[in-house]
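Worksheet for the structure shown next.
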Amino acid sequence: MGRLVCQTLFIDLDDTIWDFKANSIWSLRQVYGEFSLDRVFPRYEQFQSLYMEANHALWEEYHHNRVTKDFLIVERFARPLRQAGSALSNDMDFIMSLNRRYLDVLACQKRLVPGAVDLLDYLTGKGYPLYILSNGFAEVQSRKLHSSGIDRYFKRLILSDEIGITKPDRRLFDYALQVVGADAADTLIVGDNYDADILGAMHAGWRAIYFNRDRLPVTGEQPDYEVSELAQLKSIL
């Protein structure tokens, strides 16, 4: 396997280095108890499953600007409540309180994807300037970095919230280059979302490494490299 040469390295945050799925499951269990959601969902697993399904679908829509951030925040909790036949699905005060508490708990979680710190130490030792490029919300992303102790590795956190444009839209990738003063041809991204991270970067002229943790089939354009464990990146970069 040959090595990739780049001058600037961007890394996606959620589920690439910060274990969003694991941290989200823990945070959902916390708010399930605090907000007595057992009155609607007798089993926590039912709430978790319905929420995860709704959240995933809404984020796919959000990536392509088909829904707004405000709609996503409300609907990801309203939809499970509605599916369970609860009148709370129409209670905006309840839903917004639930969302605020969930994000507060989530932002304090520390679990990283296996191999994340080792990889960041390796990349820093190699002299790469590291940046985060994320569609995540401004009110929680920097707190995630701080809580998990990895903020020190990154020169800058660049978020879609800054310009109201999300990956895979090329304009966000162009904006990121402008912010850090880099050229597309010398820039690489590592990300777990094939659509938002990989196709978005490739269509903006960047190199891309797909962190395919679940080994999903790739039927479209092929990234420069594909890995299923972060440790594999050390033989590429």
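Of note:
- Of everything in the range 221-237 that is within 22 Å of residue 8 (Cβ to Cβ) and open to solvent by less than 40 Å² (accessible area, probe 1.4 Å), the residue that is nearest to the chain's Cα centre (by Cα) is 230.
- Among the residues of the range 124-161, those that are charged (D, E, K, R), in contact (Cβ under 8 Å) with a residue 40 or more places away in the chain and over 25 Å from residue 204 (Cα atoms) comprise 126, 144.
- Residues satisfying the stated conditions in the range 102-137, i.e. outside any loop (DSSP other than H, G, I, E, B), among the small types (Gly, Ala, Ser) and surrounded by fewer than 16 Cβ atoms within 10 Å (Cβ to Cβ): 125
- If the condition is being open to solvent by less than 40 Å² (accessible area, probe 1.4 Å), of a type outside the set (Ser, Thr, Tyr) and not in a loop (DSSP other than H, G, I, E, B), then the range 138-167 contributes 140, 141, 144, 145, 157, 158, 159.
- Every residue from the range 193-215 that is outside any loop (DSSP other than H, G, I, E, B), closer than 23 Å to residue 114 by Cβ and open to solvent by less than 30 Å² (accessible area, probe 1.4 Å): 196, 197, 198, 208, 209, 210, 211
- Verdict on residue 5 being open to solvent by less than 50 Å² (accessible area, probe 1.4 Å), aliphatic (A, V, I, L, M) and either free of Cβ contacts under 8 Å to residues at least 60 places away in the same chain or under 30 Å from residue 120 (Cα atoms) (or both): no
- So residue 176, is it surrounded by 14 or more Cβ atoms within 10 Å (Cβ to Cβ), part of a helix (DSSP H, G or I) and within 16 Å of the chain's Cα centre (by Cα): no
- Remark: pairs (first residue in the range 80-101, touching a residue at least 40 places away in the same chain (Cβ under 8 Å) and surrounded by 15 or more Cβ atoms within 10 Å (Cβ to Cβ); second residue aliphatic (A, V, I, L, M) and not in a helix (DSSP H, G or I); Cβ separation under 6 Å; 6+ apart in sequence or on different chains) = 84/40; 86/40.
- Residue check for residue 132: farther than 24 Å from residue 166 by Cα and at pLDDT 95 or above: no
- Number of the condition not met by residue 218 [criteria: (1) in contact with a Phe, Trp or Tyr (Cβ under 7 Å, 6 or more places away or on another chain); (2) under 16 Å from residue 10 (Cβ atoms); (3) in a loop (DSSP other than H, G, I, E, B)]: (2)
- Residues satisfying the stated conditions in the range 165-215, i.e. in contact with a helix residue (DSSP H, G or I) (Cβ under 8 Å, 6 or more places away or on another chain) and among the β-branched types (Val, Ile, Thr): 165, 166, 187, 189, 190, 209
The values are calculated or read from the model by the stated rules, or taken from the named source; none is laboratory data. For clarity, every value in this text was computed on a predicted model and none was experimentally measured. Virtual Cβ from ideal backbone geometry, glycine too; neighbours counted across all protein chains shown. Just the protein is used for accessible areas: all its heavy atoms, side chains included, with ligands, DNA and RNA removed. Shrake-Rupley method; radii C 1.70, N 1.55, O 1.52, S 1.80 Å.
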